[in-house]
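The values are calculated or read from the model by the stated rules, or taken from the named source; none is laboratory data. These numbers were taken from a predicted model, which means no experiment stands behind them. Here the Cβ is made from the backbone with ideal geometry for all residues, glycine too, and neighbour counts use every protein chain on show. Just so you know, the surface numbers come from the protein's heavy atoms only, side chains and all, with ligands and any DNA or RNA stripped out. Shrake-Rupley method; radii C 1.70, N 1.55, O 1.52, S 1.80 Å.
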Amino acid sequence: MLWQWNEYVALIDAEHVALSAPPQTRQRKDADLQPPVRCRHEGNPAAALATLLQGVQPSLLAKRQRLQVLLGYPWASSVVLPWQPGLAGNDASWSGYAQGLLREQGFESPLRVRVERAGFGQARLAFAADAALLDGIAAQIVEAGWYLSGCRDLMSATLLRYRRQLMAADYTLTIVEPGAVTTLVRSEREWRDVATLVLADGQSASEALGATELLTQQAQQTPPANRYWSGTVDAAAVSMQADAIWLGSPLLQKEAA
């Protein structure tokens, strides 16, 4: 019996594109934590992704290949949008608001923005991705005969995958990836702030963890009781706070327990 789909996951970060094989082709249970195929993209991730896809042997067990794409720094970003009464219920205005805040942070390229819905009077969380990159990825996937099943930034992918663990009223969530560390703050069941620190040459992720917490402290009415973290790096190589809980990698294709 043929599988309807043969789904891969591609991760695009600051330097590399990594392609992870579908679960039914893996030899080890933890293989999804270490994408088996990767290459430097030299600033052109869509072309590098196309090269990796060309090297995939079509599966005899599936009718069609499909791909899920995860975007890391600097191709995607998150921003907390403080409540604005004049924008209530107007999705287009909230999206424009997010783009304006991101431009103030130095994002000059055209962006595609998705704003999370929230209750009246509450701040909203927005996720943005480089529009040109998204168009390039979509074109390369179609040309290769694949199907794009979804595209998310690492932050929203982590929030979605580990939503059952992230149900506390107060917490911080830190995403560690090559080149950047991002910390998101939730307090009293509302988004408060998110900050990304770009790693300097030779700086380790462990050294940047304290700095991202300092950047978001002014948004914390009370220190969150729970600390969680995830990322696309080797968890054993990062020194987190003793009380920080490792959720797992956003690259996992199976649901978290």
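Take the stretch 166-175 and flag every residue that is over 16 Å from the mean Cα position of the chain (by Cα) and surrounded by 17 or more Cβ atoms within 10 Å (Cβ to Cβ). Break it down stepwise before answering.
Residues of the stretch 166-175 over 16 Å from the mean Cα position of the chain (by Cα): 167-171.
Residues satisfying the conditions are 170, 171.
From the list 156, 149, pick out the single residue that is in a helix (DSSP H, G or I), under 30 Å from residue 65 (Cβ atoms), in contact with a Lys or Arg (Cβ under 8 Å, 6 or more places away or on another chain) and touching a residue at least 24 places away in the same chain (Cβ under 8 Å). Show your work before the answer.
On the way: 149 fails: in a helix (DSSP H, G or I).
It is 156.
Which condition number in (1) open to solvent by 50 Å² or more (accessible area, probe 1.4 Å); (2) under 27 Å from residue 49 (Cα atoms) is the one that residue 154 fails?
(1)
If we keep just the residues of the stretch 214-241 that are open to solvent by 90 Å² or more (accessible area, probe 1.4 Å) and either modelled with pLDDT under 75 or of a type in the set (Phe, Trp, Tyr) (or both), which is farthest from residue 10 (Cα to Cα)?
Within the stretch 214-241, the match that is farthest from residue 10 (Cα to Cα) is 221.
Report the residue count in the stretch 15-71 for those that are of a type in the set (Gly, Ala, Ser), surrounded by fewer than 17 Cβ atoms within 10 Å (Cβ to Cβ) and either at pLDDT 90 or above or outside any loop (DSSP other than H, G, I, E, B) (or both).
3
Would you confirm whether any residue within the stretch 72-88 is at pLDDT below 85 and either crowded, with 18+ Cβ neighbours inside 10 Å or not hydroxyl-bearing (Ser, Thr, Tyr) (or both)?
yes
Please state which one of 86, 100 is over 18 Å from the mean Cα position of the chain (by Cα) and farther than 29 Å from residue 43 by Cβ.
None of the others qualify; the one that does is 86.
Quick check on my filter: what residues within the stretch 115-138 are open to solvent by 60 Å² or more (accessible area, probe 1.4 Å) and either modelled with pLDDT of 95 or more or under 18 Å from residue 10 (Cα atoms) (or both)?
Residues satisfying the conditions are 132, 135.
Can you tell me which residue is most open to solvent (accessible area, probe 1.4 Å) among those in the stretch 176-188 that are within 17 Å of residue 11 (Cβ to Cβ) and touching a residue at least 60 places away in the same chain (Cβ under 8 Å)? It would help to see each step written out before you state the result.
Residues of the stretch 176-188 that are within 17 Å of residue 11 (Cβ to Cβ), as a first pass: 176-182.
Those still in the list that are touching a residue at least 60 places away in the same chain (Cβ under 8 Å) too: 176-180, 182.
Working: 176: 0, 177: 13, 178: 56, 179: 27, 180: 0, 182: 17 Å².
Selected residue: 178.
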